[in-house]
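A.B. asks: Mind looking over this structure? Questions follow.
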Amino acid sequence: ATLLEILPEFLGRDGWRQYLLAFQTPSEARGGGGLMGFFGILEARDGRVTLTNVASVGELINQGPARAAEVPRWYRDLYGPLAATRQWQQANLSPNFPVAADVWLQMYEDLTGQRLDGVVAMDPIALAELTRATGPIKARGLDVEVGPDNAASVILYDSYTQFAAPEQQNRYLERLIGSFWDKLGRGDIDTAAFVSGLGNAVRGQHFKVYAPAPRDQKALEQLDAAGDYDDFDPNVQLVYNNNEGASKIDYFL
């Protein structure tokens, strides 16, 4: 009931909405889910979602410096020395997703002058779950269908070993992510499988959403899709890993 209440507005019933898509790789661990290797802009209008401008995060980096100015003091103290307020790959060192997502939005606004309506973060495990609904996806570059049983291994391992240059890997992954969102945007899905797969991805924190509007964020918290640990208990403790070695060793761990 909560999902159905907020979904129409999320999908642009009352106007055009744009969300930052952060595609994270848990093979280079971050407290917030993994290194943001790719990004895109999700546009929602009249109930339809399309993905535009999917690209390597390097394209954001190459556009120039970006900075988040308004962050909690604890975030600045803990992660500021690690460049978390000015480097896209470090913003989600914190497992507090709403804060990390807002840092991304501030950086995007600082870079482009545009304030987006929220952040959708997902990783290959989430993609694997959701391909149960879309069916297998395929992209030029690797002759393999990607689905629930192999999405993680193809994206987190094969894409690094099968291409001679990072640029080739990037183009393949851009096309693969685009192919998935094309299917999803067309509504060409098994609805029951989508609900089940999304539930699994959310429970594992592989799919998270942030929306600055208080009403929307409250609903996301009720759906456990907000990635916010503040609701649990004042004495909650977390154990998490940040890989600052610029390796992909966490795939094997």
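A.B. asks: Among 73, 86, 48, which is in contact with a Lys or Arg (Cβ under 6 Å, 6 or more places away or on another chain) and either surrounded by fewer than 16 Cβ atoms within 10 Å (Cβ to Cβ) or of a type in the set (Lys, Arg) (or both)? Write out each step before concluding.
C.D. replies: Values: 73 fails: in contact with a Lys or Arg (Cβ under 6 Å, 6 or more places away or on another chain); 48 fails: in contact with a Lys or Arg (Cβ under 6 Å, 6 or more places away or on another chain).
Matching residue, one of 73, 86, 48: 86.
A.B. asks: On to the next question. If we keep just the residues of the range 207-241 that are touching a strand residue (DSSP E or B) at 6+ places or on another chain (Cβ under 9 Å) and hydrophobic (A, V, I, L, M, F, W, C), which is most open to solvent (accessible area, probe 1.4 Å)?
C.D. replies: 223
A.B. asks: Please verify whether residue 110 is at pLDDT below 95, closer than 17 Å to residue 22 by Cβ and open to solvent by 30 Å² or more (accessible area, probe 1.4 Å), treating the condition exactly as stated. Walk me through it before giving the result.
C.D. replies: On the way: at pLDDT below 95: no; closer than 17 Å to residue 22 by Cβ: yes; open to solvent by 30 Å² or more (accessible area, probe 1.4 Å): yes.
When the stated conditions are applied, residue 110 does not pass them.
A.B. asks: Are any residues in the range 1-38 within 17 Å of residue 126 (Cβ to Cβ) and surrounded by fewer than 16 Cβ atoms within 10 Å (Cβ to Cβ), and if so, which ones?
C.D. replies: Within the range 1-38, just 3 meets the criteria.
A.B. asks: While we're looking at this one, here's another question. Condition (residue is without any contact (Cβ under 8 Å) to a residue 60 or more places away in the chain and farther than 20 Å from residue 1 by Cα) applied to the range 209-216: is it met by at least one residue?
C.D. replies: No, that holds for no residue.
A.B. asks: I'd like to check something: does the range 189-196 contain any residue that is of a type in the set (Asp, Glu) and outside any helix (DSSP H, G or I)?
C.D. replies: Looking only at the range 189-196, we keep the residues that are of a type in the set (Asp, Glu), and these are 190.
Going one step further and asking which of them are outside any helix (DSSP H, G or I), we end up with 190.
Yes: one or more hits.
A.B. asks: Find the residue count for the range 188-202, including only residues that are surrounded by fewer than 12 Cβ atoms within 10 Å (Cβ to Cβ) and not hydrophobic (A, V, I, L, M, F, W, C).
C.D. replies: Residues in the range 188-202 being surrounded by fewer than 12 Cβ atoms within 10 Å (Cβ to Cβ) and not hydrophobic (A, V, I, L, M, F, W, C): 2 in total.
A.B. asks: Among the residues of the range 148-176, what is the count of those that are crowded, with 21+ Cβ neighbours inside 10 Å and either outside any helix (DSSP H, G or I) or in contact with a His (Cβ under 8 Å, 6 or more places away or on another chain) (or both)?
C.D. replies: Going through the range 148-176 one residue at a time, the tally reaches 0.
A.B. asks: Additional query: Could you figure out which of (1) within 13 Å of residue 31 (Cα to Cα); (2) among the aliphatic types (A, V, I, L, M); (3) open to solvent by less than 10 Å² (accessible area, probe 1.4 Å) isn't true of residue 99?
C.D. replies: Result: residue 99 fails condition (3) only.
A.B. asks: Output the residue which, of all residues in the range 120-147 that are without any contact (Cβ under 8 Å) to a residue 24 or more places away in the chain and of a type outside the set (Gly, Ala, Ser), is least open to solvent (accessible area, probe 1.4 Å). Outline the logic, then answer.
C.D. replies: Initial filter on the range 120-147 (without any contact (Cβ under 8 Å) to a residue 24 or more places away in the chain): 136, 143-145, 147.
Now drop any that are not of a type outside the set (Gly, Ala, Ser), which leaves 136, 143-145.
Values: 136: 71, 143: 138, 144: 43, 145: 119 Å².
By that ranking, first place goes to 144.
The values are calculated or read from the model by the stated rules, or taken from the named source; none is laboratory data. What you see is a predicted model; the values in this text were computed from it and never measured. When we count neighbours, we look across all protein chains shown, and the Cβ atoms used for this are built from the backbone with ideal geometry, even at glycine. Keep in mind that these areas ignore ligands, DNA and RNA; they rest on the heavy atoms of the full protein, side chains included. Shrake-Rupley method; radii C 1.70, N 1.55, O 1.52, S 1.80 Å.
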